[in-house]
Amino acid sequence: PAWLSSIVFFHGYDHSAIDQARGILYHRPFNQDGVHRYDIASQIWTQLPTPNFENTTANCCDALEFFPELDGLVWVRGAVGEVWLFKVSTQQWSRLGTWPTQDSGTWTFAEYNPVHKLLLFGSGNENTLFRLSSSGQITQLRNPPISIYDGSGYVGAFTVDPVSGTYLLLTPTSRQLYTYDVNTDTWQLWSSPTQPDMRSTGVVATPVSSAIKVTSSSADS
């Protein structure tokens, strides 16, 4: 896309989201107060209307996530502690609420849960966690007992099991696997003898709703 040529640092983290039902990809470039929209079927990029932010501080690394029950794109703003919604049906932005943060650092995260119909978000630097409900209500949860971000550059890989609704975290740097139950607000270390050694490596995680079996023939193995 034409807008990509002006990007110096991509620094994406949670800057992309997808509306799976409509086949629309969203991306917010690093350190900018705008969102680009890509129609996968037509392969056309457009830009969303500019939000009417009172505080126009463009944080490095905010978070985007699509929330089907709210029919819109959620933008979690890290530096100013705001949560905004772009509603697809009205093509307008509105502020859902605020959350306490002093973080102007490098990681604000957000992950939608298709089982429990909610969204978890927070600050990796401050190690905080919040819940956004399908009615737009924001609730603070207990701080995680382990670090989601340790400042090393190897951010925690935070995602959700789309079958059980259990959240999964690969901790930064050491890459230990933890599970999080949003209903009980509890974390648990999850050990697996077959987990590969991913220490000090960059990791990207994404949910897959059905099991995938990878096979190979003798010709291409």
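Take Y154 and tell me if it is under 17 Å from the mean Cα position of the chain (by Cα), within 18 Å of G165 (Cβ to Cβ) and either among the small types (G, A, S) or surrounded by 19 or more Cβ atoms within 10 Å (Cβ to Cβ) (or both).
no
Need the failing condition index for Y149 against (1) over 27 Å from T98 (Cα atoms); (2) out of contact with any Asp or Glu (no Cβ under 7 Å at 6 or more places or on another chain); (3) hydroxyl-bearing (S, T, Y), just the number.
Failing condition for Y149: (1).
Just to be sure before I move on: is L70 more than 21 Å from G34 (Cβ to Cβ) and in contact with a strand residue (DSSP E or B) (Cβ under 8 Å, 6 or more places away or on another chain) in the structure I sent?
It is false that L70 is more than 21 Å from G34 (Cβ to Cβ) and in contact with a strand residue (DSSP E or B) (Cβ under 8 Å, 6 or more places away or on another chain).
In segment 11-26, what residues are under 24 Å from A58 (Cβ atoms) and part of a loop (DSSP other than H, G, I, E, B)?
Result: H11, G12, Y13, D14, H15.
If a residue must be open to solvent by less than 40 Å² (accessible area, probe 1.4 Å), modelled with pLDDT of 85 or more and either over 19 Å from the mean Cα position of the chain (by Cα) or among the charged types (D, E, K, R) (or both), how many such residues does segment 1-18 contain?
Number of matching residues: 1.
Would you call Y180 of a type in the set (F, W, Y) and either open to solvent by 50 Å² or more (accessible area, probe 1.4 Å) or under 29 Å from N31 (Cβ atoms) (or both)?
It is false that Y180 is of a type in the set (F, W, Y) and either open to solvent by 50 Å² or more (accessible area, probe 1.4 Å) or under 29 Å from N31 (Cβ atoms) (or both).
Residues of segment 27-54 being open to solvent by 30 Å² or more (accessible area, probe 1.4 Å), at pLDDT 95 or above and either part of a loop (DSSP other than H, G, I, E, B) or aromatic (F, W, Y) (or both), which ones?
Y38, I40, A41, S42, Q43, W45, P49
Give segment 183-200 a look and list any residue that's part of a loop (DSSP other than H, G, I, E, B) and open to solvent by 90 Å² or more (accessible area, probe 1.4 Å), or say none.
N183, W190, S191, P193, T194, D197, R199
Pick out the one residue from G151, G165 that is in contact with a His (Cβ under 7 Å, 6 or more places away or on another chain) and not basic (K, R).
G165
Name every residue in segment 55-78 that is part of a loop (DSSP other than H, G, I, E, B) and under 20 Å from T108 (Cα atoms), in order of residue number.
The answer is N55, T56, T57, A58, N59, C60, C61, D62, G78.
Out of T128, T90, T106, I need the residue that is more than 16 Å from the chain's Cα centre (by Cα) and either loosely packed, with under 14 Cβ neighbours inside 10 Å or among the hydroxyl-bearing types (S, T, Y) (or both). Which one?
Checking each option against the conditions leaves just T90.
Looking at V203, V208, which one is assigned to a loop (DSSP other than H, G, I, E, B) and open to solvent by less than 50 Å² (accessible area, probe 1.4 Å)?
Only one candidate qualifies: V203.
The values are calculated or read from the model by the stated rules, or taken from the named source; none is laboratory data. Since this is a predicted model, take the numbers as computed values, not measurements. So basically every Cβ, Gly included, is an ideal-geometry build from the backbone, and we count neighbours across all protein chains shown. To get the accessible areas, we keep the full protein, side chains included, count just its heavy atoms, and leave off ligands, DNA and RNA. Shrake-Rupley method; radii C 1.70, N 1.55, O 1.52, S 1.80 Å.
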